[in-house]
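Asks: Starting off with a structure, shown below.
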Amino acid sequence: MWSVHERTLNDDSRTNNFVEAFHRSLQRQFAADHPGLLKFIDGLRKAQVHKDAQLEHYVAGCAAAEKRNRYLQNDLRILRIMNRRDSYALIEFLRGIAHTYEMNP
């Protein structure tokens, strides 16, 4: 486990979910677990077109997709717990953080 303390306090992403989402989108593009070379290249081209379009939206000043409310609320709960860290015993702090995670959403 790596430390995400500073990332949490700076309101940065604590996970690599965006990478996982991109990986899932590539898998959908290929429509196969082990695509052939031509299908692989075609899938990469389609993914690149999509990412280029997203970049143009960003350059044009369009807002990025918002986090879902449940994730925003969860981020706030974690930040509150971290800001009160000094008033918790270690076990209480860890229990508080553990309560913010759903194991089987």
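Asks: Points 7 angstrom from Cα along the Cβ direction at Ser25 and Lys39: gap in nanometres?
Replies: It is 2.1 nm.
Asks: Can you give the extra length, in nm with one decimal, that the chain gains between Glu92 and Gln54 once fully stretched, where that is 0.36 nm per residue apart less the Cα-Cα distance?
Replies: Details: separation 38, 0.36 × 38 = 13.68 nm, distance 4.24 nm.
The Glu92-Gln54 span can extend by a further 9.4 nm.
Asks: While we're on this one: Tell me which label goes with the value of volume of the Cα convex hull per residue in Å³ computed from the coordinates here: [x] 109; [y] 96; [z] 152.
Replies: [z]
Asks: Using the Cα centre of the chain as the reference point, and only Cβ charges (+1 on K/R, -1 on D/E), how large is the resulting charge dipole? Debye, rounded to the nearest 20.
Replies: Working: 16 positive and 13 negative charges, 44 e Å.
The dipole magnitude comes to about 200 debye.
Asks: In addition: Report the trypsin sites (Lys or Arg not before Pro) located in the stretch 17-105 that are in a DSSP loop and have at most 11 other Cβ atoms inside 10 Å of their Cβ, or state none. Mind showing how you got there, number by number?
Replies: Details: sites: Arg24, Arg28, Lys39, Arg45, Lys46, Lys51, Lys67, Arg68, Arg70, Arg77, Arg80, Arg84, Arg85, Arg95; in loops: Lys67, Arg68, Arg84.
For trypsin sites (Lys or Arg not before Pro) across the stretch 17-105 that sit outside H, G, I, E and B with at most 11 neighbouring Cβ atoms in 10 Å, the list reads Arg68.
Each reported figure results from applying straightforward, stated rules to the coordinates on display, with no laboratory input. All of these numbers come straight from a predicted model, not from anything done at the bench. Positions of Cβ are backbone-derived with ideal geometry, glycine not excepted, and every protein chain shown enters the neighbour counts.
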